[in-house]
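Structure first, commentary second.
Nothing in this text is a laboratory measurement; each read-out follows from the coordinates by a stated rule. Keep in mind it's a predicted model, so treat the numbers as computed, not measured. Ideal geometry is used to build each Cβ from the backbone, glycine not excepted, and the neighbour counts take in all protein chains shown.
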Amino acid sequence: MPVPTFHSTGHSASGLPWQLRHEDVRLPLAMAQQHGISELLAGILAGRGVTLDGVPHFLHPSLRDYLPDPFHLRDMDKAVARLVQAIERRERIAVFGDYDVDGATSTALLMQYLGSIGAQVVPYIPDRMKEGYGPTVAAFEALIGQGAKLLVTVDCGTLAHAPIAYAQERGVDVIVLDHHLSDGALPNACAIVNPNRVDETSEHRQLAAVGVTFLTLVALNSRLREAGFFKSASLRGGEADAAIQSDEQDTSSSGLPRRAAPRNDVREPNLLALLDIVALGTVCDVMPLTGLNRAFVAQGLKVMAQRKNLGLSVLSDVARMDEAPNVYHLGFLLGPRINAGGRVGKSSLGVELLTSQDEAAARGIAATLDTHNAERQAIEAGVLEQALALAEQQANMPVILVASEGWHQGVIGIVAGRLKEKFSRPAMVVALENGIGKASGRSVPGVDMGAAVHGAIAEGLLIAGGGHAMAAGFSVEAGNVAALHAYMMRRMEAAVAAYNEARVMKYDGLLSVGGASLDTLEEIALAGPYGLGNPSPRFVLPNAQIQHRKVMKEKHLKLVVGDASGTARLDAVAFNVIDTPLGAWLMAERSLHLLGELKRNSWQGKESAQFLVSDAARV
């Protein structure tokens, strides 16, 4: 069956050409023959840059293969030495985290580990509306007043010059565990572990803060073991060897690490049991699921399926998850509920849930977060409607920037993401109040929003701000909004143009109607987990025959498609296509090439394969 090719716009409903994701059409065949996999799966791997020899590692992403020596990160040795000192001296440690999922999971990770070894540790999550993002002098003053001798900031702190200087003046050290971009001048902290600090040479720049925090715990665990801190230092098998012993260098003749005699009645924690929290933070902060991140998420989903974390278990029940967890569940069911506390409720609820050991309390928190999430959805819908109306007036501009009074700060990041998806360009949403705007922005691949925000700060257009390539937040005076928009368009115009120029609908191979089955879905899953950096595979159904159409909820289409011979049938669905070119084609044409994803559909206890249509081309 020939591969349909579309060399120019106009051949598809979207107006975009379709392009096979891998260029070497011989590589999938070689992979299939050498590794005993199907050509369909091999095509997916080839499209993700997997080499012939790299197939086993990609299909089985383990920490053993991807976990680096955590001490390669700048200041990791300083951070761990100070943490060991605080633990040995039984000093009170305060963990200051951001109010989003990455901050909550990073905080919970430290709380779980430090609490399990008997350290004195307390969390602090700022109120989004009252305190804003990142540490403040007032917050540090309160924590120091409560007896904290060491402050650890997670998912924030890289730019917290004044609060860190204040803590140092009070004789209290600060450790920063972060992943946000720095502007060159770093605060005078005890340690700043951040793969995106300007003087860092690490290749692991795409870690979420929770990933940085996990590496810190790997390093800390090894130092405590070397010091003989644990009662039981028995080796763990498989990946735990890599996770817990990756940096052991001093070995006996048997190859096992040498250890000092235990000095405490403390058992060594199982770091792998915390990977469900790491996976959640990584997915929800929209980090690329490649390399180490992919290993974190792949292994973390296995841990989450065991339902050992009480908070995640009850939240899964509240979110009505009735199947093994996957990336969708983390990003669209669990994450939004944990985030809801910081957006419209109490910021600390997420951390409280993730660290809870009381089932009744955990169920109460989960129910509260579910209620807050419903409130957030209602608020978001109102802001989105207004923001879309303003954004339509900027549809031809390289950057969308909309601002208004009365918008809830807790939902502007989500709304920015919605605008980015609709208009396929960077989008920023500014909530104005008393002459000051609090803003969130979301970007597209290849357009670095974090760097643009730092540039705007240097130009004097912003009060404060920060972020990374795909997302940023900032504060701006109302009178500077127009100038800021003009600056952002000048700064990003070339990159946005390059992004649009290169836009194509990529697909991973051909799929027959008869071959679209649950068995095929199981095979496709072997190359997951899918997300940013490892996109869910798309396939072309060549010459699909549309046998039945039904409009659902006035905006979606449910289809039944068959093959040319009429021997096979497949359910398909196209969401939000009514009154679009794609919807018109699907309603009018009988035979079309269809582009989309194969998904699992569960209905009334039965499961089947379903094709999710994203584009169509005439035969």
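Computed from the Cβ-Cβ distance with R0 of 35 Å, the FRET efficiency linking residue 501 to residue 522 stands at 0.40. Remark: spin-label model distance residue 24-residue 386 equals 5.5 nm, labels positioned 7 Å along the Cα→Cβ axis. Among residues other than residue 213 with Cβ under 10 Å from its Cβ, the summed charge is -3 (Lys and Arg +1, Asp and Glu -1). With 20 Å bins beginning at zero, the pair-distance distribution over Cα atoms of the chain amounts to 18, 51, 28, 3 %. Neighbours of residue 581 by Cβ distance under 13 Å: Lys/Arg scored +1, Asp/Glu scored -1, total -2.
Just how many % of Cα pairs in region 366-412 lie over 12 Å apart, if you round to the nearest whole percent? Roughly 65 percent, rounded to a whole number.
Computed from the C-beta positions of residue 231 and residue 397 and an R0 of 60 Å, the FRET efficiency is 0.45 to the nearest 0.05.
By the count of other C-beta atoms within 10 Å, a proxy for reagent exposure, 571, 24 are ordered fewest to most as 24, 571. Please list, by residue number, everything in region 163-179 whose backbone N is under 15 Å from a paramagnetic label point 7 Å out along Cα→Cβ of residue 137. Label zone hits: 163-171.
Checking the cross-link filter: which aspartates and glutamates have an alpha carbon closer than 18 Å to that of residue 346, excluding same-chain neighbours under 8 positions apart? Filter leaves 98, 100, 102, 127, 131, 370, 375, 380.
Long hydrophobic helices in the chain: none of the complete DSSP H runs spans 15 Å or more by Cα along its own axis with mean Kyte-Doolittle hydropathy of at least 1.0. Semi-axes of the equivalent ellipsoid for region 438-578, computed as √(5λ) from the eigenvalues of its C-alpha gyration tensor and ordered from largest down, come to 44, 18, 14 Å. In terms of other Cβ atoms within 10 Å, 102, 178, 317 run from fewest to most in the order 317, 178, 102. Packing, as the average of other Cβ atoms within 10 Å across residues, places the peptides 432-438, 473-479 in the order 473-479, 432-438, highest first. With a Förster radius of 41 Å applied to the beta-carbon distance between residue 370 and residue 612, the computed FRET efficiency rounds to 0.95. Fewest neighbouring Cβ atoms within 10 Å first, the residues 599, 553 line up as 553, 599.
Based on Cα contacts under 8 Å between residues 6+ apart, the chain shows a relative contact order of 12 percent. Go through 231/302; 553/606; 130/438 and tell me which ones have a Cα-Cα distance over 18 Å in this structure. Over 18 Å apart, Cα to Cα: 231/302; 553/606. For region 393-501, dividing the convex hull volume of the Cα atoms by the residue count gives 86 Å³ per residue.
Extension gain, residue 59-residue 404: 0.36 nm per intervening residue step, less the Cα-Cα distance, totals 119.4 nm. Computing Rg and the Kirkwood Rh from the Cα coordinates of region 107-173 gives a ratio, Rg/Rh, of 0.96. Only helices enter this figure: runs of n ≥ 4 DSSP H residues, each worth -39500 (n - 2.57), summed and divided by the residues of the chain, yield -12000 deg cm²/dmol at 222 nm to the nearest 500. For the pair residue 591 and residue 547, the difference between a 0.36 nm per residue extended length and the Cα-Cα distance amounts to 14.9 nm. Each Cα pair under 8 Å and six or more residues apart adds its separation to the average, and for region 562-619 the resulting relative contact order is 38 percent.
With q set to 0.10, 0.13 Å⁻¹, the log10 of I(q)/I(0) for region 1-143, from the Debye formula over equal scatterers at the Cα positions, is -0.69, -0.81. From the square roots a ≥ b ≥ c of the eigenvalues of the alpha-carbon gyration tensor of region 497-563, which class results: rounded (a/c under 1.5), prolate (a/b over b/c), or oblate? Here region 497-563 falls in the oblate category. Cα centroids of region 356-380 and region 14-43: 44 Å apart. If the chain linking residue 604 and residue 320 were pulled fully straight, counting 0.36 nm for each residue of separation and taking away their Cα-Cα distance, it would gain 100.8 nm.
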